[in-house]
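One structure below.
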Amino acid sequence: MPKKRILTGDRPTGPLHLGHLVGSVANRARLQDEYETFVIIADIQTLTTHHDHPELLRQNVLNVAMDNLASGVDPNKSTLFIQSLVPQIAELTIIYSNLVTVQQLSHNPTIKTEAAQYNFGESMPYGFLGYPVSQAADITFCRAHLVPVGEDQAPHIEQTRKIVRKFNALYGEVLVEPEGMLAPKLVGLDGNTKMSKSLGNAIFLSDPPEEVKRKVNSALTDKARIHPTDKGHPEVCVVFAYHRAFNADAVPDIEERCRAGTIGCVPCKKLLVEALNQLLEPIRSRRAAYEKDPSLVWEILKAGTARAREEGAATMALVRQAMRINYLDL
Ligand code: TRP
């Protein structure tokens, strides 16, 4: 039996942060032996919100690639590739755009949240409204079975499944209907429900130890707690949420002592800084090797992208055949 496939990935808007790690990156590294894994660096999707600065993509493609490799995505096991260099994804996007309604796209809750965040108002770009269609092409061009992502991506997976069902019913069973593997999102340092670079509330995988310390010290805690002996409410505390996500072994003890007022926020934050720096240290040192020689990273991306294009060509041939638009043998 051939292995089942994973397709997942990120927008190159900057370096990856802890939210990406818990949302998807840790899962892709963990599952790459069991699944044939494709990791997309979605530069074209980044243009749907940042079309005025394409010159930033180059550095951020490199950042995202380095963060993936540093987090354990192994280029000998996984295919790491650049979206804009796989033309079949663009071709599929156009074909799929007829299988979706504007109505469906405008009701997509993640599109709504992001549109508000970017303040599009009456001038929402067509490409932004349509990016879930392009994401469906990202997922299906290699006929992926599983998509490990953060839970805010669930509407996009649902949209992809709808497109696949419609395509297969209309033209023939060519596409694979993917399943999502959803991870809860990570709160931001400021208590916002999502850690995000654009909200300025993120700890980056590449942050040096002192920066991690500075950021954790700035994190929102239980506002009702003035003195270290006050009884705390871990459920409203960002630092506690991070202990849960990254320092699970210590959680029962910290929770009990916070509620009892026998651990203050200062030592509690110190424990978190230690745990995070321990988690990030091997990621930092692997990243440093790639930073020293970015040509290694471009080589990995070149090989991965070539592999993705082969997969794209195979899927497009099936799609053309199913749609009876394989007129010429070119
Ligand atoms: N929309 C995803 C995000 O913002 C990134 C992404 C693009 C993606 N294409 C994808 C994720 C395909 C999973 C599968 O994080």
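The values are calculated or read from the model by the stated rules, or taken from the named source; none is laboratory data. What you are looking at is a predicted structure, and each value in this text was computed from that prediction instead of being measured. Methodologically, a virtual Cβ is constructed for each residue, glycine included, from the backbone with ideal geometry; neighbour enumeration extends over all protein chains shown. Note: areas computed on protein heavy atoms with side chains; ligands, DNA, RNA excluded. Shrake-Rupley method; radii C 1.70, N 1.55, O 1.52, S 1.80 Å.
Note on residue 51 and residue 324: their simple-model spin labels are 3.6 nm apart, each label 7 Å out from Cα toward Cβ. Taking the Cα centre of the chain as reference, the dipole from Cβ charges on Lys and Arg (+1) and Asp and Glu (-1) amounts to some 220 debye. For the chain, DSSP calls about 5 percent of its internal beta bridges antiparallel. Placing unit charges on the Cβ atoms of the charged side chains and taking the dipole of the stretch 263-330 about its Cα centre, the candidate lying farthest along the positive direction among 266, 328, 279 is 266. Once backbone amide H atoms are built at 1.01 Å from N, residue 191 has 220 as its partners under 5 Å, excluding neighbours fewer than 5 places away on the same chain.
Projecting label points 7 angstrom from Cα along Cα→Cβ for residue 199 and residue 119 puts them 1.8 nm apart. In this structure, the amide hydrogen of residue 203, modeled 1.01 Å from its nitrogen in the peptide plane, lies closer than 5 angstrom to those of 18, 19, counting only residues at least 5 positions away or on a different chain. If R₀ is 25 angstrom, what is the calculated FRET efficiency for the pair residue 3 and residue 302, using the beta carbon separation as r and rounding to 0.05? The computed FRET efficiency comes out at 0.60.
Along its three principal directions, the equivalent ellipsoid of the stretch 235-279 from the Cα gyration tensor extends over semi-axes of 16, 11, 9 Å, largest first. Cross-link partners for residue 112 among the aspartates and glutamates, with Cα-Cα distance under 12 Å and sequence neighbours closer than 8 places in the same chain left out: 152.
Based on every Cα atom in the stretch 1-72, Rg and the maximum pairwise Cα distance Dmax equal 13.1, 46 Å.
Straight Cα distances below 22 angstrom link residue 77 to the lysines 3, 4, 302, with same-chain residues fewer than 8 positions distant left out.
Its Cα gyration tensor gives the stretch 120-270 an equivalent ellipsoid, and the semi-axes of that ellipsoid, as √(5λ) in whole Å with the largest first, are 42, 18, 13.
Compactness check for the stretch 32-155: Cα Rg over 2.2 N^0.38 Å is 1.11.
Taking a virtual spin label 7 Å from the Cα of residue 317 along the C-beta vector, which residues in the stretch 76-98 bring their backbone nitrogen under 12 Å of it? None, by backbone N distance to the label point. The candidates 143, 324, arranged from most to least accessible area with a 1.4 Å probe in the full protein assembly, appear as 324, 143. The accessible-area ordering, largest first, of the residues 199, 56, 280 stands as 56, 199, 280, per a 1.4 angstrom probe. Build a GNM of the chain with springs between Cα atoms under 10 Å apart, and of 90, 115, 224 the one that fluctuates most is 224. Exposure check, 1.4 Å probe, all protein chains in place: residue 13 carries approximately 50 Å² of accessible surface.
Our note on the geometry: Cα centres of the stretch 252-281 and the stretch 1-53, 30 Å apart. Within the listed set 17, 53, 156, the residue fluctuating most in the Gaussian network model of the chain (springs between alpha-carbon atoms under 10 angstrom) is 53. Quotient of the Cα radius of gyration of the stretch 207-251 and 2.2 N^0.38 Å, N being its number of residues: 1.24.
Average accessible surface for the stretch 84-127: 61 Å² per residue, computed with a 1.4 Å probe over protein heavy atoms with every protein chain in place. Among complete DSSP H helices in the chain, those whose alpha-carbon atoms stretch at least 18 Å along the helix's long axis and whose mean Kyte-Doolittle hydropathy reaches -1.0 are 57-70, 154-171, 265-292, 294-322.
Along the axis of the charge dipole computed for the chain (Cβ charges of +1 for Lys and Arg, -1 for Asp and Glu, origin at the Cα centre), the listed residues 129, 106, 250 are led at the positive end by 250. Extension gain for the segment residue 278 to residue 30, taken as residue separation times 0.36 nm less the Cα-Cα distance, is 87.4 nm to one decimal.
Across the chain, the convex hull enclosing all Cα atoms gives 151 Å³ per residue.
In this simple spin-label approximation, residue 106 and residue 256 carry label points 7 Å from Cα along the Cα→Cβ vector, and these lie 5.6 nm apart.
The lysine pair count for the stretch 126-274, using Cα distances under 16 Å and pairs eight or more places apart or on different chains, is 10. Shown here is the pair-distance distribution of the stretch 89-154: with all Cα-Cα distances grouped in 5 Å bins from zero up to the longest one, the shares run 3, 15, 26, 24, 20, 9, 2, 0 percent.
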